[in-house]
Amino acid sequence: MLDALVWFFSNIGLAFYNFAYALTHPVLWLDWVTWGNTTEDKQSVQRLVYYGGSVEFFFVCFTAFLTVTAIGMFYSRQFLWKVTVGLEAVANTVGRIFVWAGLIMVLQQVMIVLLQRIFAVAEISIGLGKTMTFDVSWWAEELKLYNAIIVCLCCTYAFVQGAHVRVDLVYSAVSYRTKRAIDMFGSLFLMAPCAILIWMYGWYFLWRHLIVPKPSASDGLDRLLTKARALRWNVETIGFSPNGFNAYFLFKVLLVLFAGLVFLHAIAFFYRSYLEFVEGEESAGKYLDKDSLGDGEEAYEGTH
């Protein structure tokens, strides 16, 4: 038990050093951005792979959460409100941008139906300056990517807007403060851990489809640096059909982004629930940036 406590608090202490070291030595893990196929480039990729799913990275995030929470709870509640609003703004901004993928998906489906069924076109070319030409089946399979974008990148946006369906047989019957307590518990012990698990799975799942030798979650940094000598890019380009969509690695990228957004909003939801718990019922929805259907449409809002 003592060893576990020492390990836990040691990692919290080291988080400040690890964070500062990463910021002051970006070349160690970002050198691969200007790819030159050098040993340093390959080692920087492996460092990114390791630290993205490492204990060190978890404790940097955890320590940042503890620090912000301590400042907000004991020194400045307004600071905590600003953090909450900022994190919700991230969810809203990302969601409001990528929700347009739904419109693109519909327009592309209409185009496919018209060109394939009416004009019997086998290939579709599109582009401004540089033309992309793919088989109709490629464009048809690509529609799944737009759907994945909406699900992964607009999930927290929908959460902020209150658009998710919830079964609240118990929740609706309890008092205001009990609801906020349930929200705090759910965000910390259900929402955040699920996001962490998805991140850990998705992070290595992503890199195993981008590089070889394939990294493993059990690989230590030394082993990954040893593998760096044989590292090469091997981006997944295999489709389900011969002429079908062949960029399925993008779905792995979306899975990681989804986990990151859900984790950030779990923190935002915890802070909002705590602040509304402390300040009382009059603070419900305080500073909340919710979309409106406009004047005369109030009867339709909140019915979802």
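Structure values in brief
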{"read-out": "Accessible area (Å², 1.4 Å probe, nearest 10) - Cys194", "value": "80"}
{"read-out": "Over segment 48-97: Rg over Rh, Cα atoms, Kirkwood Rh", "value": "1.11"}
{"read-out": "Intensity falloff of segment 66-122 expressed as log10 I(q)/I(0), Debye formula with alpha-carbon point scatterers, at q = 0.23 Å⁻¹", "value": "-0.85"}
{"read-out": "Among Tyr50, Tyr201, Tyr171, residue whose mean-square fluctuation peaks in a GNM of the chain (springs only between Cα atoms under 10 Å)", "value": "Tyr171"}
{"read-out": "Whole-number D in µm² s⁻¹ for segment 149-287, Kirkwood Cα-pair radius fed into Stokes-Einstein, 10 °C, 1.306 mPa s", "value": "89"}
{"read-out": "Within a Gaussian network of the chain (alpha carbon springs, distance under 10 Å), most fluctuating of Leu103, Leu48, Leu206", "value": "Leu103"}
{"read-out": "20 Å Cα-Cα reach of Lys227 towards lysines, excluding residues that sit fewer than 8 places from it in its own chain", "value": "Lys42, Lys214"}
{"read-out": "Additional length obtainable on full extension of the chain from Phe185 to Asn147, 0.36 nm per residue less Cα span", "value": "10.6 nm"}
{"read-out": "Per-residue ³J(HN,Hα) for segment 195-212, Karplus 6.51 cos²θ - 1.76 cosθ + 1.60, θ = phi - 60°, Hz, x for Gly and Pro", "value": "5, 5, 5, 5, 4, 4, 5, x, 4, 6, 4, 5, 5, 5, 10, 10, 9, 10"}
{"read-out": "Two-site FRET efficiency, Leu66 against Val113, from Cβ-Cβ distance with R₀ of 51 Å, rounded to 0.05", "value": "0.40"}
{"read-out": "Signed unit charges on C-beta, dipole axis of segment 181-283, positive-most listed residue Gly202, Trp233, Gly186", "value": "Trp233"}
{"read-out": "Gain in span if fully extended, Val165 to Val27, counting 0.36 nm per residue against the direct Cα distance", "value": "45.2 nm"}
{"read-out": "Between segment 240-259 and segment 37-85, the alpha-carbon center distance in angstrom", "value": "27"}
{"read-out": "P(r) tail fraction, segment 1-158 - alpha-carbon pairs more than 23 Å apart, %", "value": "67"}
{"read-out": "Share of carbon and sulfur in the accessible heavy-atom surface of the chain [1.4 Å probe, %]", "value": "68"}
{"read-out": "Volume in Å³ per residue [convex hull over Cα atoms, computed for the chain]", "value": "213"}
{"read-out": "Candidates Gly186, Gly52, Gly127: whichever shows maximal mean-square fluctuation once the chain is modelled as a Gaussian network with Cα springs under 10 Å", "value": "Gly127"}
{"read-out": "Segment 91-171 - convex hull of the alpha-carbon atoms, volume per residue in Å³", "value": "115"}
{"read-out": "For segment 32-116, Kirkwood radius (reciprocal of mean inverse C-alpha pair distance, Å)", "value": "17.6"}
{"read-out": "Helix-only mean residue ellipticity at 222 nm for the chain, each DSSP H run of n ≥ 4 adding -39500 (n - 2.57), per residue, nearest 500", "value": "-20000 deg cm²/dmol"}
{"read-out": "Those lysines that a straight Cα-Cα span of less than 22 Å connects to Lys144, excepting residues fewer than 8 apart in one chain", "value": "Lys252"}
{"read-out": "Rg to Rh quotient for segment 1-66, alpha carbon positions, Kirkwood Rh", "value": "1.10"}
{"read-out": "Only Lys, Arg (+1) and Asp, Glu (-1) charged, at Cβ; segment 1-109 dipole about Cα centre in debye", "value": "380"}
{"read-out": "Estimated FRET transfer efficiency (Phe74, Ser283; beta-carbon r; R0 30 Å; 0.05)", "value": "0.95"}
{"read-out": "Value in Å of the Kirkwood radius, where segment 193-270 supplies the Cα pairs that are averaged", "value": "14.1"}
{"read-out": "Within straight-line cross-link reach of Lys286, lysines at Cα separation under 20 Å, skipping those fewer than 8 residues along the same chain", "value": "Lys82, Lys179"}
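The values are calculated or read from the model by the stated rules, or taken from the named source; none is laboratory data. Owing to the predicted nature of the structure, the values given are computational and were not obtained by experimental measurement. Note that we place each Cβ from the backbone using ideal geometry, even for glycine, and neighbour counts take in every protein chain shown. All accessible areas refer to the heavy atoms of the entire protein, side chains included, with ligands and DNA or RNA removed. Shrake-Rupley method; radii C 1.70, N 1.55, O 1.52, S 1.80 Å.
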